[in-house]
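Undergrad: Quick one: this structure, given as structure tokens, is what I'll be asking you about.
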Amino acid sequence: MGATAKTSEGPLSGGPVVPMASEPSGEGEDRSPDAIDRIVGRLDAHRSLPAIGGASPPALGPPLPIADESRLLREPIPEIVVDSSWIYVTLELRGASRETLEVTTTQTLLTVHALDDEGRVFHREIELPQPVEPDAAGVTYRNGVLDVSLRRIRAHRIRFKRGT
């Protein structure tokens, strides 16, 4: 099956038929699959176009080294205990330096960040199950274990007096 040339009409209807510049004119040029291969080859020469055949065009410049930083980031698993007045959170941060330890809290989120001697990062953001008082947090760090005590915000009770 041969390729057919597309044509365009001139500015006036019934004008001369002009073959498209990128397609075979049919005058002396072969209309075989080889002509189609030449057109596809021209498309592959343009790097701004997606490559045909699944191969991606080569990247400009030298390749960037990909660092495996997964070994540098630790997300310790928290143990959370909720009682009537407090929320207790315990995290194991084995090897973390006390000097780099940062604990921040809002009413609904506890964030722990620390570094160890080998440059590993301990980072964890914990959504709290109940709102807490951020300024009333107690933090202790002993033997690689971080304990955080957070006072829960209690709802105010409204008592009604019985009418007489």
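The values are calculated or read from the model by the stated rules, or taken from the named source; none is laboratory data. Computed from a predicted model, the values in this text were never measured in an experiment. Reconstructed Cβ throughout: ideal geometry from the backbone, glycine too, with neighbour counts over all protein chains shown.
Undergrad: Determine, yes or no, whether Ser32 is under 30 Å from Ile153 (Cβ atoms) and at pLDDT 55 or above. Lay out the reasoning, then the answer.
TA: Numbers: under 30 Å from Ile153 (Cβ atoms): no; at pLDDT 55 or above: yes.
Spelling it out, it is not the case that Ser32 is under 30 Å from Ile153 (Cβ atoms) and at pLDDT 55 or above.
Undergrad: Here's another thing I want to ask about it. Looking at (1) part of a strand (DSSP E or B); (2) surrounded by 13 or more Cβ atoms within 10 Å (Cβ to Cβ), which is the only condition Gly138 fails?
TA: All conditions pass for Gly138, except number (2).
Undergrad: Then there's this: Among the residues of region 99-113, which ones are out of contact with any Asp or Glu (no Cβ under 7 Å at 6 or more places or on another chain) and either free of Cβ contacts under 8 Å to residues at least 24 places away in the same chain or of a type outside the set (Val, Ile, Thr) (or both)? Step through it out loud before you land on a result.
TA: Let us first name the residues in region 99-113 that are out of contact with any Asp or Glu (no Cβ under 7 Å at 6 or more places or on another chain), namely 99-107, 110, 112.
Hits for region 99-113 are Glu99, Thr100, Leu101, Glu102, Thr104, Gln107, Leu110.
Undergrad: Being small (Gly, Ala, Ser), under 24 Å from Leu72 (Cα atoms) and loosely packed, with under 13 Cβ neighbours inside 10 Å: is that true of Gly95 here?
TA: Numbers: small (Gly, Ala, Ser): yes; under 24 Å from Leu72 (Cα atoms): yes; loosely packed, with under 13 Cβ neighbours inside 10 Å: no.
Here the answer is no, as Gly95 does not meet what is asked.
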